1. Given (1) more than 30 Å from A:Pro147 (Cβ to Cβ); (2) of a type outside the set (Val, Ile, Thr); (3) at the interface with chain A (Cβ under 7 Å from one of its Cβ atoms), where does B:Lys129 come up short, assuming only one miss?
2. Which residues, taken from the range A:334-353, are surrounded by 18 or more Cβ atoms within 10 Å (Cβ to Cβ) and not in a helix (DSSP H, G or I)?
3. Would you confirm whether any residue within the range B:86-103 is farther than 26 Å from B:Met10 by Cβ and either outside any helix (DSSP H, G or I) or not polar (S, T, N, Q) (or both)?
4. Let me spell it out: the conditions are (1) under 18 Å from A:Tyr159 (Cβ atoms); (2) under 18 Å from the mean Cα position of the chain (by Cα); (3) modelled with pLDDT of 95 or more, and A:Pro91 meets all of them except one. Which number is the exception?
5. Looking at (1) at the interface with another protein chain (Cβ under 7 Å from one of its Cβ atoms); (2) at pLDDT 95 or above, which is the one condition that is false for A:Ser161?
6. Would you check which residues across the range B:69-87 are in contact (Cβ under 8 Å) with a residue 24 or more places away in the chain and either more than 10 Å from every other protein chain (Cβ to nearest Cβ) or of a type outside the set (A, V, I, L, M, F, W, C) (or both) and list them?
7. Just checking, how many residues over the range B:48-68 are more than 7 Å from chain A (Cβ to nearest Cβ) and outside any loop (DSSP other than H, G, I, E, B)?
8. If B:Gly33 satisfies every condition in (1) within 7 Å of chain A (Cβ to nearest Cβ); (2) under 20 Å from A:Leu11 (Cα atoms) but one, which is the exception?
Amino acid sequence: MINTFFGSGSLNTPIAFLASLIIGIAFGFSLEQAGFGSSRRLAGIFYFKDMAVLKVMFTAVVVAMLGISYAKGLGFVTTDNVFFMHTSYLPQILGGLLFGAGFVMSGWCPGTAAVGLASVKVDALVFLLGAIGGSMIYNEVFPLIKPFASVDHGLLFAYDSMKMSEAAFAMLFTIIAVGCFWGSEYIEKNRSGGGKLFGTRFLKIFSVVLIVVSFGLFAVAPQSSQTDVVDYSKISEGAFLDNIEDGMDHMSTEELADRLVEGDKSIILVDIRPPQEFDKFNIKTSVNIKMSELQTALLPYKDQGTIVLYSNGMTHPAQARDSLVRTGFKNVYILTDGLNGFVETCLKPASLHQEPLTQEMKEKISAWRKFFR
Amino acid sequence: MLNDNQKPYMNPYIAGVFLGITLLASYLVLGAGLGASSGIARVGAYIDVVVAPSRTMACEYFGSWGSQPLKYYLVFMLVGVFFGGLISALYSNRCALSVERGLKCTIIKRLMFALSGGILAGFASRLAKGCTSGQALSGSAVLLTGSLLFLVFTFAGGYAVAWFVRRQWND
């Protein structure tokens, strides 16, 4: 697994800012070279006149997808070191519709408008001012639309949603993209006298190379979506266990038990299991919050007190912690070994412990048992 | 008002490969994809913080970004996009003060379209948690269900409205 800024929790440090700046420069340079500093060229796709947006975007998506899929298949990339956005169906569908409308009206989108501004296009500047305003409006109306806007369906990959293997989906995606390239060139040729690359040796070779590279994924990517899911949890769990050593983001079961017994009010203990499980049994003083509602529910405790997340194991709390940290929480910890570990070390009667216990430990266990019963 | 010496655009597939490699580098180095609308929204949050600090910090959305919203990696990326675009536009002789529009469209009308489109896009990108960069490009490349839906519905929304705003490009 490679060490990314996200993986090491240092995405908002000066060195990561510098890396982001450099990546941004490459991003802006590519966009401008593609001709995306022109709103007319960008809008062209909606009138089937200039299909450059589709060609550039799909090429970039396919190239990056192939790269990431190989990196995932070879174990360089997991959900631990790369941030994958969660899916929220309705906000993303409605957001897409509105965004598309804004895109065609203005001829710009945020990234290309920054490039348009660099090319001294006044309409790009006006778009950017509008987009800043649109974001401010969103902030104002957020309390009203929050129930709708904050739904979260978790991390969903399209190949899992469609019950396909990752390699098969990636290859299908590549073939569709190549089909779009040929279709775009054909449309341009007939509508605007463009499409100069239709049927050229370049486009033929380019198409074949992409498809062959996508076929190679069958060699490295997990073969069925089900094994993929299982592998993921294993990889994650293993990596988290490795991280226990540095322990920065963990709280041990003993420490938690002690602090709760002492009546430490700064601890916000959060159980992220389903409500049915929570109702059956939970750690005294804990509150039950669904994964999807953590962000909003915990907002009042951002950087106030100590938030401790637990579930049965450690994978889910660690994922939840990652997404909280990404939005700026600095006071989130996960319970080492989860609820299972807590029961094992703190609630099991001293007499049932396999390992020899000191007198002090025996007294602690009996105090914990009394408190948490 | 285009400069006669401007270089032709790059072959779109080659430009796409460059963009794809940039995106891949972003995932492998930063551990996150590209983004543009977040940087814009944070400028909005910054303005709010300067104008009305205590009110902004009490807002649930902007408030969660803290009192220094510009200290965020995607803000630096957005600045990079501007300078990358500037380097490329200067290199290819494409810097020219202009309002891009069809010959029959007035400047005011074109700018009104740009402004209203900007407001819509700014709002929508917050709702969808990303724009063409963060969702359609970065999310689609890692095959996220929601991002691919965003991509499809962006085009759907665009084509649905295209006919009504076509005149701004008429020559």
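1. (1)
2. Hits for the range A:334-353 are A:Ile334, A:Leu335, A:Thr336, A:Asp337.
3. Of all residues in the range B:86-103, those farther than 26 Å from B:Met10 by Cβ come to B:103.
Next, only the ones that are either outside any helix (DSSP H, G or I) or not polar (S, T, N, Q) (or both) stay: B:103.
Taking every residue of the range B:86-103 in turn, at least one turns out to be farther than 26 Å from B:Met10 by Cβ and either outside any helix (DSSP H, G or I) or not polar (S, T, N, Q) (or both).
4. The single condition A:Pro91 does not satisfy is (1).
5. (2)
6. B:Pro69, B:Leu70, B:Tyr72, B:Tyr73
7. Matching residues across the range B:48-68 total 10.
8. Among (1) within 7 Å of chain A (Cβ to nearest Cβ); (2) under 20 Å from A:Leu11 (Cα atoms), the lone unmet condition for B:Gly33 is (1).
The values are calculated or read from the model by the stated rules, or taken from the named source; none is laboratory data. Being a predicted model, the structure only gives us computed values, none of them experimental. Every residue, glycine among them, receives a Cβ derived from its backbone with ideal geometry; neighbour counts consider all protein chains shown.
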